[in-house]
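Here's the structure, in structure tokens; my notes come after.
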Amino acid sequence: MSKPKIIVTRHVYPEVLTYLARHFEVTDNQTDQVWDLNGWTTLLGQHDGALTMGIEPVNEQVLAACPQLRICANLSVGYNNFDVPAMTRHKVVATNAPDVLTETTADFGFGLLMATARRITEGENYIRRGEWNKWRLDFFCGAEVHGSTLGIIGMGRIGRAIARRAAHGFGMQVLYHNRSRLSAEHEAECKARYVSKAELLAQADHVVLVVPYSKEAHHTIGAAELALMKPTATLVNIARGGIVDDVALAKALQSGQIAAAGLDVFEGEPKVHPDLLQCSNIVLTPHIASSTRATRLGMAMVAANNLIAFFTEGKVLTPLNPEVLA
Ligand code: 8YV
């Protein structure tokens, strides 16, 4: 019997391809080309399954052109590239890769908070420009992290992992806002207090965004929200571009409405809004919060195992639309 045909949409570690090749006829993209929508749709239409990176659109228009397709397995935990209801209508299984990246991403979120609050890259850039010629008492004075108040918007697995670091490692007060309140057990574990978004923004010294992207979450932080924050506050976004209104943020950073921002994700990335690039009180990273070799390999393996389980046993490990399997 011929093997199912799957496509791996971008460069992956070779061991992932070796593993997949035991079960599938694999089309890889080890030259890491970025296909346009037509190219992507045409290629996807020639396969039974896809290992996707969380950025390729799988929507009504794409699905209509891919009648052979049965499953798309994201290696990311975020799945805003999928139109899940459309996938369900087309009987295409959708999976993501939760858990495997939680601690690594929380480490990064905390690192970005530290770098932003303590102005680490501003200091580095100053040295690189050759401007450092004497020490000053108020040199790159930043904001305290230990003992301060952290507000987390989006209290899923990654939010809770950041809260644990903050409460237990740095003695921070943790406030959170989420669609639903956590169980008493989870609140106690990360010593976190549920508050409204407005209260969180007004009280927090540092705000970290870990909310998944959805239409409802678009511009969770815009001009009105930035206006509620303390002028000394730090904003960190490791969630998705579009959760923050980048233009409003650039204005708030330039006018001193808030002190600093750390951004790993951007509206329209890999493009970054030029107004943000003009701000010195900002730390920018290119969507790398989960990027360690072990974690990225683990994420790819979760996606690979979803594809294998689906084609060999008719089930998956981390379904987003289990009704398709039923
Ligand atoms: C991924 C992420 O690296 O898992 C997610 O949702 O944002 C990252 O960890 C990214 O989505 C890959 O495209």
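Bear in mind that the values in this text are calculations on the coordinates, not laboratory data. Bear in mind the structure is a predicted one, so any value in this text is a computation, not a measurement. Don't worry about glycine lacking a Cβ; one is built from the backbone with ideal geometry, like all the others, and counts go over all protein chains shown.
See the values below:
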| read-out | value |
| --- | --- |
| Relative packing of 73-82, 244-253, 129-138, 57-66, which averages over residues the other C-beta atoms within 10 Å, highest first | 73-82, 244-253, 57-66, 129-138 |
| Cleavage-rule hits, GluC sites (Glu not before Pro), segment 140-208, DSSP coil, Cβ neighbours within 10 Å at most 14 | Glu144 |
| Total formal charge among the other residues, if their Cβ is under 15 angstrom from that of Leu20, Lys/Arg +1 and Asp/Glu -1 | 0 |
| Over the chain, volume per residue of the alpha carbon convex hull, in Å³ | 151 |
| Ranking of Asp275, Asp32, Asp205 by count of other Cβ atoms within 10 Å, fewest first | Asp32, Asp275, Asp205 |
| Cα pair distances of segment 85-217 binned at 10 Å [whole percent] | 11, 34, 27, 17, 8, 2, 0 |
| Between segment 247-326 and segment 1-51, the alpha-carbon center distance in angstrom | 21 |
| Segment 102-284: relative contact order in percent, alpha carbon pairs under 8 Å with at least 6 residues between | 21 |
| MRE, 222 nm, helices only [DSSP H, n ≥ 4, -39500 (n - 2.57), over the chain, to nearest 500] | -10000 deg cm²/dmol |
| Burial ordering of His206, His273, fewest other beta-carbon atoms within 10 Å first | His273, His206 |
